[in-house]
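Colleague: Here it is: the structure, laid out below.
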Amino acid sequence: MPANEPNSIHDFLDYLRFQKRYSENTIISYENDLNSFFEFLFLEYKINDLKEITASIVRTWLASLKENKCSSKTVNRKISSLKSFFKYQLKIKNLSISPVAAIASLKVSRKLPSFIQEKDLDTLLKHDYFPETFSGKTDFLIFEILYQTGIRRNELIHLKEIDVDKSSGMIKVLGKGNKERFIPVSNQLLNLIHEYITEKRKEFSEVEEFLLVNKKGKKLDPKYIYNVVKENLSKVSTNERKSPHILRHSFATHLTNNGAEINAIKELLGHSSLAATQIYTNNSIEKLKEVYRQAHPKSEE
């Protein structure tokens, strides 16, 4: 890799970390993409100056990714990383022209987001699938919070006791880019959280600031939540996808199906643009089509 490029990447990552306040996972993703790109430049072109990078060279790299069976979605993420990196170089006046300005993202066929049926989640949460142990209560609350709020797994992990405001019926969530949003929750969920906190204080002499903890009283890790969701969804659903994120999709889809306004769903999910939220309306349209096919006497004509 050219000797000066690690510094360019390092400065950019510091900008993302300290000024944009991106999550560490997002920063690692940018770092991997940029290291991959500059390694390609060094091996193929021996380039040692940002000003030597052209759109043609970038396209050659993107073509090599496709030849190595990278999906269009992955390639688009790498394009996005490069665009952000070179936009920063323009900002600090290292460059006057971005070599990726004219490079467009690849077309990606968007699949409808998968979700769990309401009846299946109702079955899971209203029957005795969770044991009356502290761990069982933790697992149950994981499901209730994820499904009732639509928050991301990482947002759940970092949810703190002080983020739950029983008087206003809201919880405060710290989302991507350290953006705060407030989500209204039911009295039923607030009572569950209160009971859980009380139980946690009985269970452990030293209490974590984070709302949900494992059997040792420590903050939950991502793998634990994934395993809990997958194991319990397997009891009630035949859906192939059983990750925590599918509960977020279910939250948004069920709201849409029941008439929620799309802008409100956008705010609840913490999306930065409406385009990311609008895909859930497609699920709703598909549901209407299915109802029509099943119920209308002329649907087969």
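Colleague: Can you tell me which residue in region 43-66 is surrounded by the fewest Cβ atoms within 10 Å (Cβ to Cβ), limited to those that are within 18 Å of A101 (Cβ to Cβ) and without any contact (Cβ under 8 Å) to a residue 12 or more places away in the chain?
Modeller: Selected residue: S56.
Colleague: For S80, are the conditions met, namely being assigned by TED's automatic domain parsing to the domain that holds E240, in a helix (DSSP H, G or I) and surrounded by fewer than 16 Cβ atoms within 10 Å (Cβ to Cβ)? Can you show your working first?
Modeller: Values: assigned by TED's automatic domain parsing to the domain that holds E240: no; in a helix (DSSP H, G or I): yes; surrounded by fewer than 16 Cβ atoms within 10 Å (Cβ to Cβ): yes.
In short, no.
Colleague: So which pairs qualify, if the first residue must be in region 1-23 and among the basic types (K, R) and surrounded by 11 or more Cβ atoms within 10 Å (Cβ to Cβ), the second must be modelled with pLDDT under 95 and not in a helix (DSSP H, G or I), the Cβ gap must be under 9 Å, and the two must be at least 6 apart or on different chains?
Modeller: Note: pairs meeting the criteria are R21/K179.
Here's the yes/no breakdown for (1) in contact with a Cys (Cβ under 6 Å, 6 or more places away or on another chain); (2) under 23 Å from L106 (Cα atoms); (3) among the small types (G, A, S):
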{"position": "L16", "(1), (2), (3)": "no, no, no"}
{"position": "E24", "(1), (2), (3)": "no, no, no"}
{"position": "I27", "(1), (2), (3)": "no, yes, no"}
{"position": "F40", "(1), (2), (3)": "no, yes, no"}
{"position": "N48", "(1), (2), (3)": "no, no, no"}
{"position": "I53", "(1), (2), (3)": "no, yes, no"}
{"position": "S81", "(1), (2), (3)": "no, yes, yes"}
{"position": "K93", "(1), (2), (3)": "no, no, no"}
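Colleague: Which condition does E180 not pass, out of (1) closer than 22 Å to E24 by Cα; (2) touching a helix residue (DSSP H, G or I) at 6+ places or on another chain (Cβ under 7 Å), if it passes all the others?
Modeller: So E180 meets the others, but not (2).
Colleague: Here are some residues: I279, I265. Which one is under 18 Å from the mean Cα position of the chain (by Cα) and modelled with pLDDT under 90?
Modeller: Values: I265 fails: modelled with pLDDT under 90.
Result: I279 is the single residue among I279, I265 that is under 18 Å from the mean Cα position of the chain (by Cα) and modelled with pLDDT under 90.
Colleague: Now for a separate question. Exactly one condition in (1) part of a loop (DSSP other than H, G, I, E, B); (2) free of Cβ contacts under 8 Å to residues at least 40 places away in the same chain is not met by D122; state its number.
Modeller: (1)
Colleague: Going residue by residue through region 51-67, is there one that turns out to be under 20 Å from the mean Cα position of the chain (by Cα), assigned to a loop (DSSP other than H, G, I, E, B) and not assigned by TED's automatic domain parsing to the domain that holds R153? Quick ask: steps written out before the conclusion?
Modeller: Looking only at region 51-67, we keep the residues that are under 20 Å from the mean Cα position of the chain (by Cα), and these are none.
Looking through region 51-67, none of the residues is under 20 Å from the mean Cα position of the chain (by Cα), assigned to a loop (DSSP other than H, G, I, E, B) and not assigned by TED's automatic domain parsing to the domain that holds R153.
Colleague: Then there's this: Residues of region 123-146 being surrounded by 19 or more Cβ atoms within 10 Å (Cβ to Cβ) and among the hydroxyl-bearing types (S, T, Y), which ones?
Modeller: T138
Colleague: Being in a loop (DSSP other than H, G, I, E, B) and surrounded by 15 or more Cβ atoms within 10 Å (Cβ to Cβ) is the filter here; which residues of region 251-268 pass it?
Modeller: Restricting attention to region 251-268, the residues satisfying the condition of being in a loop (DSSP other than H, G, I, E, B) are 258-261.
Answer for region 251-268, where residues must be in a loop (DSSP other than H, G, I, E, B) and surrounded by 15 or more Cβ atoms within 10 Å (Cβ to Cβ): just A260.
Colleague: In this structure, does G270 turn out to be at pLDDT 90 or above, on the phi > 0 side of the Ramachandran plot and more than 16 Å from the chain's Cα centre (by Cα)? Lay out the reasoning, then the answer.
Modeller: Details: at pLDDT 90 or above: yes; on the phi > 0 side of the Ramachandran plot: yes; more than 16 Å from the chain's Cα centre (by Cα): no.
When the stated conditions are applied, G270 does not pass them.
Colleague: Next up: Let me spell it out: the conditions are (1) without any contact (Cβ under 8 Å) to a residue 24 or more places away in the chain; (2) exposed (fewer than 14 other Cβ atoms within 10 Å of the Cβ); (3) under 28 Å from the mean Cα position of the chain (by Cα), and C70 meets all of them except one. Which number is the exception?
Modeller: C70 satisfies all of (1) without any contact (Cβ under 8 Å) to a residue 24 or more places away in the chain; (2) exposed (fewer than 14 other Cβ atoms within 10 Å of the Cβ); (3) under 28 Å from the mean Cα position of the chain (by Cα) except (2).
Colleague: Follow-up question, since we're still on this one. Can you name the condition, by its number, that S105 falls short on among (1) assigned to a loop (DSSP other than H, G, I, E, B); (2) under 30 Å from L255 (Cα atoms)?
Modeller: Failing condition for S105: (2).
Colleague: Can you tell me how many residues in region 160-211 are free of Cβ contacts under 8 Å to residues at least 60 places away in the same chain, in contact with a Ser or Thr (Cβ under 9 Å, 6 or more places away or on another chain) and either closer than 18 Å to R248 by Cβ or in a strand (DSSP E or B) (or both)?
Modeller: Count: 5.
Colleague: Here is a list of conditions, (1) under 21 Å from the mean Cα position of the chain (by Cα); (2) outside any helix (DSSP H, G or I); (3) surrounded by 14 or more Cβ atoms within 10 Å (Cβ to Cβ), and L112 meets all of them except one; can you say which number that is?
Modeller: (3)
The values are calculated or read from the model by the stated rules, or taken from the named source; none is laboratory data. Quick caveat: nothing in here was measured; it's all calculated off a predicted structure. Because the Cβ atoms are built from the backbone with ideal geometry, glycine has one as well, and the counts that use them run over all protein chains shown.
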